[in-house]
1. When region 88-104 is examined, which residues are found to be in contact with a helix residue (DSSP H, G or I) (Cβ under 7 Å, 6 or more places away or on another chain) and of a type in the set (Ser, Thr, Tyr)?
2. Which one of these is on the phi < 0 side of the Ramachandran plot and under 15 Å from the mean Cα position of the chain (by Cα): Leu224, Leu186, Leu174, Leu210?
3. Tell me, which helices (runs of 4 or more DSSP H) wholly within region 31-100 include 3 or more residues that are more than 22 Å from Leu10 (Cα to Cα) and over 17 Å from the mean Cα position of the chain (by Cα)?
4. Looking at (1) over 19 Å from the mean Cα position of the chain (by Cα); (2) surrounded by 15 or more Cβ atoms within 10 Å (Cβ to Cβ); (3) aliphatic (A, V, I, L, M), which is the one condition that is false for Ile151?
5. Could you identify the single residue in Leu220, Leu245, Leu252 that is closer than 13 Å to Met1 by Cα, in contact with a helix residue (DSSP H, G or I) (Cβ under 9 Å, 6 or more places away or on another chain) and either at pLDDT 95 or above or surrounded by 12 or more Cβ atoms within 10 Å (Cβ to Cβ) (or both)?
6. Could you check Ala14 against (1) assigned to a loop (DSSP other than H, G, I, E, B); (2) surrounded by fewer than 18 Cβ atoms within 10 Å (Cβ to Cβ) and say which number it fails?
7. Which number in (1) surrounded by 15 or more Cβ atoms within 10 Å (Cβ to Cβ); (2) within 19 Å of the chain's Cα centre (by Cα) marks the one condition that Lys125 misses?
8. Considering Gly162, Gly110, which residue is modelled with pLDDT under 95 and either of a type in the set (A, V, I, L, M) or not in a helix (DSSP H, G or I) (or both)?
Amino acid sequence: MKNIYISSNLMWDASLEEMFQVVETYGLGGIEFWAQHMEAKDYDIEVCRNKLEQYQLACIVHGKSWDLNIASLNKEIRKTSLMEIKSSIDLAAKLGAKEVTIHPPRETIGGDRETCVKLAKQGLKELIAYGEENEINISLEIMENIPKELITNATELIEVMGEEYKRISYTLDLAHCESIEAFNILHDALYQVSKIHISNRQGNKLHTPLSKGDYNFYELMPLLESKKVPLVIEGFERGNEFKDLKENINLLKKIKEDLPCL
């Protein structure tokens, strides 16, 4: 299970100690800490780094994305968004992480794609440079196909990234793909995939537990494992029971037991 990581958002109300105990108990390989989660819960960065070293876990930081847009038509929102995402890169450096996941920007209003693509290019170039200065890799997440999203497929990605395309890696999110065929096409088209976010989807409802949705993970896991990158369980759960997280992990453990090839 060392190639299986969890998103910290699956344990939104957990203490750091609880989070690390669960990861250790299940023999997982790492945690993707959402920077907004770290800030909202005021987790101690030094304690977190020490525990990562103690448990010998990989660490990824998911950059702040809620309420942010580096391609906004509003100059102050662009400025603040860049500052907040840079603070996520700073957090990664403090935690000893080597990678920050960032979400692509969006159109402010429909029909402004040309303007927003231009602004997106400027903002992403600045963030990539900042990551390089701090020796942190940027991994850009490909988003779901909904209005105003700028990057939902390889064609849009290359349009926005331009010359910067090969300076970073990319994160695939299974729930953002409308089918396994779409997932495979996107994976094969990308320059470098650093990880895959895994959760299920029920029609247009995204990030459902692995056992509840359109995808059959017994069929999917051999394909996902063949990509040889970390698989990060995604989702969001409040409380201290961590029911969804435990169900997700137990399902993956059972699949691995039932499919010896894994």
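1. Passing the criteria: only Ser88.
2. Numbers: Leu224 fails: under 15 Å from the mean Cα position of the chain (by Cα); Leu186 fails: under 15 Å from the mean Cα position of the chain (by Cα); Leu210 fails: under 15 Å from the mean Cα position of the chain (by Cα).
Every option except Leu174 fails the conditions.
3. 75-95
4. (1)
5. Of the residues listed, the single one that is closer than 13 Å to Met1 by Cα, in contact with a helix residue (DSSP H, G or I) (Cβ under 9 Å, 6 or more places away or on another chain) and either at pLDDT 95 or above or surrounded by 12 or more Cβ atoms within 10 Å (Cβ to Cβ) (or both) is Leu252.
6. Among (1) assigned to a loop (DSSP other than H, G, I, E, B); (2) surrounded by fewer than 18 Cβ atoms within 10 Å (Cβ to Cβ), the lone unmet condition for Ala14 is (2).
7. (2)
8. Values: Gly162 fails: either of a type in the set (A, V, I, L, M) or not in a helix (DSSP H, G or I) (or both).
Testing whether each residue is modelled with pLDDT under 95 and either of a type in the set (A, V, I, L, M) or not in a helix (DSSP H, G or I) (or both) leaves just Gly110.
The values are calculated or read from the model by the stated rules, or taken from the named source; none is laboratory data. Just so it is clear, the structure is predicted and the values come from calculations on it, not from any experiment. Glycine also receives a Cβ, built like all others from the backbone with ideal geometry; neighbour counts cover every protein chain displayed.
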